[in-house]
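I have placed the structure first, in the form of structure tokens, so that the comments after it can refer back to it.
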Amino acid sequence: MSTPSTTALVLDLAGTFAFALNGALTAVRAARLDIVGVVTLGMITALGGGILRDVLLGALPPATFSDWRYLVVAAVGGLIAFALTRQLERLSPAITVFDALGLSLFAVAGADRALAFGAGTGQAILLGTITAVGGGTLRDVLVRRVPTVLRSELYAVPALVGAGVVVIADRVGIGGPTWALVGAGICFLVRMLGVGFRLNAPGPPGSGPGRGDEG
Amino acid sequence: MSTPSTTALVLDLAGTFAFALNGALTAVRAARLDIVGVVTLGMITALGGGILRDVLLGALPPATFSDWRYLVVAAVGGLIAFALTRQLERLSPAITVFDALGLSLFAVAGADRALAFGAGTGQAILLGTITAVGGGTLRDVLVRRVPTVLRSELYAVPALVGAGVVVIADRVGIGGPTWALVGAGICFLVRMLGVGFRLNAPGPPGSGPGRGDEG
Amino acid sequence: MSTPSTTALVLDLAGTFAFALNGALTAVRAARLDIVGVVTLGMITALGGGILRDVLLGALPPATFSDWRYLVVAAVGGLIAFALTRQLERLSPAITVFDALGLSLFAVAGADRALAFGAGTGQAILLGTITAVGGGTLRDVLVRRVPTVLRSELYAVPALVGAGVVVIADRVGIGGPTWALVGAGICFLVRMLGVGFRLNAPGPPGSGPGRGDEG
């Protein structure tokens, strides 16, 4: 079994950081948790997708536990979000942007890692998508929301597209950092467009019009 | 490690299809999700039990990811249910029947697979049961219901019985397709009888008398 | 890979028993489930943390499935709690005490097992903590509560401390039953103090002042 590329590692750690910020801010806003709860939810959001991916790949123990950088980045992200709560909470788009960033980075990094472990074309795309949506789904279950991946059309789809770009580029022999960035960029754009156009769309009963915000 | 029998594979795929229909219809009825949410919930319901089983067996990556047929069957089931929503939604027993079918088929296929991987008698029965109830439990958690396996007496018990028939038949040397069908048949019958007799039983506060319907 | 010490096994089984009692009583009180639901929730609470730990260690199949004693202890605990419901339900602290006992015993047993599988210092502490809080988190998700580990400051922290004592004692070469008991004792004390001092603390909207009780 080979190891993932340096690009994948960098994108993976950046996605971990973005999701840690997102999860911690969600803990503050949605559930009014204290510092331990905030950092815990940040870490689960940040590490959940990668752990799911590694379990499904059979790559155990997961990278999170064999490579300390993931744990440190996730914990630091959670602590920073807690410290900056006042500043970031007022910027209401922050939660959405960090979620879209994590989604995009994990889609391409997850697909890359699946390829490195010899997964097939379809499986690698699916595993990239699971990496991208897994942490946020755990986050939503823990704070008792119906997960975004089920509620929002443009959450799983951009992740599928981003992972697809990386896997297809690899299959036609032009894989590398460029296409990973292209895939992540497309995923981020599609997700942010989706959030923008749905801002006033009717949500399910009991949720306000801005539900897309909570991504 | 040996591979599961052809019978187990066929029953496993049939159960996957039944649970995909059930999960997708649940997504339409319980949470009013759009197409991506419907297919996603169908796939999670269909694949969740088998993934749990394979993780607990240490048979990684799970069959879902090493054998494409599971993913295709689950996705097709979800899409069919979405396309036939109007027709199937009016047939209120459809959700219940598909759930009972999936439960029965997964109980015997899961037990058979556990035996193929050398699990002990008790473990194989338990793993069959976990395969049967796992996907529905994930489904219920994601749409924020207390899982059927906790609410309904006759959900885990018929699965235990169905898995038990397969395992005991194997242990006394008469294993094979016949006993798998017998086990699945008993499980299905007991589950449907349970649903029938509970139709007017008092449910927990907030749920109507037909709660057994939602499987 | 070595096997965990006898001390760890005994503490692990004792923790399994405590969590089975706690989960089963929670099923009775929080969700008014019947016998199958009560025993199932007891077993999930009792076995969930160890299964999570073993998946993250890559020690598959988990101890639960390779060692029958865990399953038997968990099932017996659930059945005893069901049988003694009337007696135990009136003792309102019982749920809290069993939860704190399970937390303490699993923190030290989980850390010990992680060390036995060669985990690093930080990883062993974290895996001890995950073992301790994992089962209760699954329990809370299944009965639709925001997990205690997110709500309560003094739930993850005492587990971290208990696991930390075991791991540090091992690293400085004085590991053994004594330090495991010291770690468990500190964890239990801190948790119970936390519960005591929070009894009248304001909880989140919708929960009463005694929310710490439900641990």
For this session: Tell me the Kirkwood hydrodynamic radius of the protein assembly as shown in angstroms, computed as one over the mean inverse distance between distinct C-alpha pairs.
Result: 24.7
Exercise. When the Karplus curve 6.51 cos²θ - 1.76 cosθ + 1.60 is applied with θ = phi - 60°, which whole-Hz ³J(HN,Hα) does each residue of segment A:158-169 get, with x for Gly and Pro?
Worked result: x, 5, 4, 5, x, 5, x, 4, 5, 5, 5, 4
For this session: Send over the per residue convex hull volume for segment A:46-119, Cα only, as a whole number of Å³.
Result: 78
For this session: Using the 7 Å Cα-to-Cβ label point, sort the distances from C:THR85 to its equivalents in the other copies shortest first and give them in nm to one decimal.
Result: 3.9, 3.9
For this session: Report ³J(HN,Hα) in whole Hz for each residue of segment A:39-56, in order, from the Karplus equation J = 6.51 cos²θ - 1.76 cosθ + 1.60 where θ = phi - 60°; Gly and Pro get x.
Result: 5, 4, 5, x, 5, 5, 4, 6, 9, x, x, x, 5, 4, 4, 5, 5, 5
For this session: With only Lys, Arg, Asp and Glu charged, each at its Cβ (+1 for the first two, -1 for the last two), find how big the charge dipole of the protein assembly as shown is about the Cα centre; round to the nearest 20 debye.
Result: 1200
Exercise. In a GNM of chain C with a 10 Å cut-off on Cα contacts, which of C:VAL172, C:VAL141, C:VAL39 has the highest mean-square fluctuation?
Worked result: C:VAL172
Exercise. ³J(HN,Hα) across segment C:66-77 via Karplus (A = 6.51, B = -1.76, C = 1.60, θ = phi - 60°), whole Hz, x for Gly/Pro?
Worked result: 9, 10, 4, 4, 4, 4, 5, 4, 5, 5, 5, x
Problem set entry | Label geometry 7 Å along the beta-carbon vector: B:THR121 inter-copy distances in nm | 4.9, 4.9
Problem set entry | Drop in accessible area of at least 40 Å² in the complex versus isolated chain, residues of segment A:59-76, 1.4 Å probe | A:LEU60, A:PHE65, A:TRP68
Exercise. Which value, in square angstrom to the nearest 100, describes the accessible area buried between chains B and C on both sides, using a 1.4 angstrom probe?
Worked result: 1700
Exercise. Using a 1.4 Å probe on the protein chains only, how many percent of the accessible area of the protein assembly as shown belongs to carbon and sulfur?
Worked result: 69
Seminar exercise, completed: At R0 = 45 Å the Cβ-Cβ FRET efficiency linking A:LEU193 and B:LEU193, nearest 0.05, sits at 0.30
Exercise. In nm, what is the difference between 0.36 nm times the number of residues separating C:ASP67 and C:VAL182 and their Cα-Cα distance?
Worked result: 38.7 nm
Exercise. At A:ARG171, with labels set 7 Å past Cα in the Cβ direction, how many nm apart are the copies from this one, shortest first?
Worked result: 4.6, 4.6
Problem set entry | D_trans [Stokes-Einstein, Kirkwood Rh over alpha-carbon pairs] for segment B:81-146, 25 °C, 0.890 mPa s, µm² s⁻¹ | 185
Problem set entry | Selection from C:GLY77, C:LEU52, B:VAL182, by position along the positive dipole direction of the protein assembly as shown (Cβ) | C:GLY77
Exercise. Out of A:ALA100, A:ALA163, A:ALA81, any idea which swings most in a Gaussian network model of chain A, alpha carbons joined below 10 Å?
Worked result: A:ALA81
Problem set entry | Residue of B:ALA30, B:ALA74, B:ALA114 that the Gaussian network model of chain B assigns the largest fluctuation, springs spanning Cα pairs under 10 Å | B:ALA30
For this session: Express the accessible area of segment B:34-136 per residue in Å², computed with a 1.4 Å probe while the remaining protein chains stay in the model.
Result: 31
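The values are calculated or read from the model by the stated rules, or taken from the named source; none is laboratory data. On a predicted model such as this, the values are computed, not experimentally measured, just so you know. Because the Cβ atoms are built from the backbone with ideal geometry, glycine has one as well, and the counts that use them run over all protein chains shown. What goes into the accessible areas is simple: the full protein's heavy atoms, side chains included, and nothing from ligands, DNA or RNA. Shrake-Rupley method; radii C 1.70, N 1.55, O 1.52, S 1.80 Å.
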